[in-house]
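The values are calculated or read from the model by the stated rules, or taken from the named source; none is laboratory data. All values derive from a computational prediction rather than experimental measurement. Heads up, the Cβs are rebuilt from the backbone with ideal geometry, glycines too, and the neighbour counts pull from every protein chain shown.
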Amino acid sequence: MHRTLARAAAAALAASLAVACGTAPAQPMRRESLARQIADDATAFNEAYARSVSAQILLNVLRARDRQPRYYLSMSGIADAPSLRYRENLGVSGTPLGEGASPWGFGSFGFERETSSRPSYAVQPLSAETLTKTVFQPTPTNVFAHYWQSGWSRDLLILLMVERIVRVEVVAGERVVTEVLNDATNIRSDCTGEEGGGCKFVRAARGFLTEVSTRDEARATPDAAPVCGLVTAYAPAQPVREAPPAPGQACEPRFVVGAATYVMSLRSFDDIIYYVGELMRPSLTASGDEAVMASPLTVRAAGLRSDTGAPLFRILPAEDAAREAPIDPRSFYAASVAYGGRRFYAGPPVGRSCAAASPAGLCADDPRQGDRSSSVLSLLAELLALNQSPDAIRAPQRVFVE
């Protein structure tokens with residue numbers, strides 16, 4: 001009898017363990033599921049963060065267009081601590097093993113896991129100190145130099161970031177100084193026939209870019225003349241090298257081109273926003289509120305004719321964006337924002353790299369195909385992040401509870 005009971009007990013225990021092993025989650029599967037969850041969450045939070053920053057930039061450009069106050073907010077890290085609930089059950093059902101014997105049974109094992117999640121974040125105004133450093137102080141020289149030497153469109157950089165160019169040259173023993181100001185308020189038609197105001201700057205900037213494109217960059221030597229704020233020298237009349245600023249000194253970006261020195265005064269982040277908004281105003285006046293707003297100033301775009309560029313920035317109402325976008329514009333454009341009871345979009349992706357224009361397709365001579373609005377949004381988003389303190393914009397974070 002005892003042997004029978006022992007065999008029955010062993011069989012029941014084995015069956016119970018088999019059921020438990022068959023229903024309990026395998027550890028490798030849990031690790032794989034967690035890895036996928038982390039990857040999906042990181043991607044989703046990255047997308048949410050990018051959309052929020054780009055939308056804030058577009059919103060303030062529209063406010064600048066209408067000369068409304070502009071506001072800048074910081075977004076804290078996205079914290080997501082899922083709440084988990086486990087439920088387990090274990091039971092043994094009675095099965096008689098014979099007359100006079102105690103009832104033994106086969107066990108059952110259950111395991112359930114429920115997860116609920118709601119991300120939390122905070123959007124709040126920047127502190128006075130951070131706002132001053134981030135938004136209202138001129139862009140640092142080293143930041144401009146980084147973008148200049150990193151392959152960015154140089155005409156885009158100069159038009160957006162440079163407020164004033166001062167050209168200094170010694171002619172016949174006399175120092176000649178020429179100054180031009182980048183003012184968007186009176187630019188109307190890409191400065192092709194306009195003489196005054198901001199068009200003097202545009203023509204000077206384009207002349208400078210043409211001049212440096214025909215000269216080689218010079219290498220610095222230890223015995224060269226020191227120049228504070230030097231970005232690059234192009235075939236200088238005498239060797240020059242970059243010199244560190246003196247204590248308390250802030251050197252503006254300088255370019256030495258032949259015998260001339262170009263000194264560039266940089267805008268603040270808010271000045272750039274205001275400049276882009278002002279460029280939208282002439283387009284609004286000419287086309288009306290229902291049409292696409294496109295900057296009259298153009299920048300170089302691959303595949304477009306030398307005398308035709310892509311608008312520096314374009315803003316599309318929802319109806320026009322839907323006609324241009326092959327898919328849902330909300331996921332197609334880099335920035336989307338509701339303003340004044342309407343929805344606006346900017347920054348479609350540009351998938352082209354063309355040496356010359358073609359009659360049709362991506363390389364067609366169409367400014368829309370070379371839209372540079374995404375580059376403007378990207379530059380502004382990076383400047384906003386670079387200028388801020390580490391606490392102003394924190395990277396999205398995920399807290400897991402296991």
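Return yes or no: is residue 163 within 13 Å of residue 260 (Cα to Cα) and either surrounded by fewer than 16 Cβ atoms within 10 Å (Cβ to Cβ) or among the charged types (D, E, K, R) (or both)?
Taking the combined requirement at face value, the residue does not satisfy it.
Listed residues 261, 221; which is in contact with a strand residue (DSSP E or B) (Cβ under 8 Å, 6 or more places away or on another chain), surrounded by fewer than 17 Cβ atoms within 10 Å (Cβ to Cβ) and β-branched (Val, Ile, Thr)?
That would be 221, the only listed residue that is in contact with a strand residue (DSSP E or B) (Cβ under 8 Å, 6 or more places away or on another chain), surrounded by fewer than 17 Cβ atoms within 10 Å (Cβ to Cβ) and β-branched (Val, Ile, Thr).
Look at residue 250 and say whether it is part of a loop (DSSP other than H, G, I, E, B), more than 22 Å from residue 154 (Cα to Cα) and touching a residue at least 24 places away in the same chain (Cβ under 8 Å).
It is true that residue 250 is part of a loop (DSSP other than H, G, I, E, B), more than 22 Å from residue 154 (Cα to Cα) and touching a residue at least 24 places away in the same chain (Cβ under 8 Å).
Check the stretch 212-232 and report whether any residue there is modelled with pLDDT of 90 or more and part of a helix (DSSP H, G or I).
Yes.
Listed here are the residues, each with its yes/no results for (1) of a type outside the set (Val, Ile, Thr); (2) surrounded by fewer than 22 Cβ atoms within 10 Å (Cβ to Cβ).
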residue	(1), (2)
233	yes, no
248	yes, yes
257	no, yes
269	yes, no
278	yes, yes
302	yes, yes
319	yes, yes
326	yes, yes
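For the stretch 317-339, enumerate the residues that are assigned to a loop (DSSP other than H, G, I, E, B), over 16 Å from the mean Cα position of the chain (by Cα) and touching a residue at least 12 places away in the same chain (Cβ under 8 Å).
Scanning the stretch 317-339 gives a single hit, 325.
If I filter the stretch 186-203 for residues that are out of contact with any strand residue (DSSP E or B) (no Cβ under 8 Å at 6 or more places or on another chain), surrounded by fewer than 17 Cβ atoms within 10 Å (Cβ to Cβ) and at pLDDT 90 or above, do I get at least one hit?
yes
Every residue, every condition in (1) without any contact (Cβ under 8 Å) to a residue 12 or more places away in the chain; (2) outside the structural domain of residue 255 (by TED's automatic domain parsing); (3) not in a loop (DSSP other than H, G, I, E, B), yes or no:
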{"site": "132", "(1), (2), (3)": "yes, yes, yes"}
{"site": "150", "(1), (2), (3)": "yes, no, no"}
{"site": "160", "(1), (2), (3)": "no, no, yes"}
{"site": "167", "(1), (2), (3)": "no, no, yes"}
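Looking at 75, 1, 29, which is the one that is within 20 Å of the chain's Cα centre (by Cα), over 20 Å from residue 268 (Cβ atoms) and modelled with pLDDT under 80?
Only one candidate qualifies: 75.
Of the numbered conditions (1) within 20 Å of the chain's Cα centre (by Cα); (2) surrounded by fewer than 16 Cβ atoms within 10 Å (Cβ to Cβ); (3) modelled with pLDDT under 85, residue 382 fails exactly one; give the number of that condition.
Failed condition: (3).
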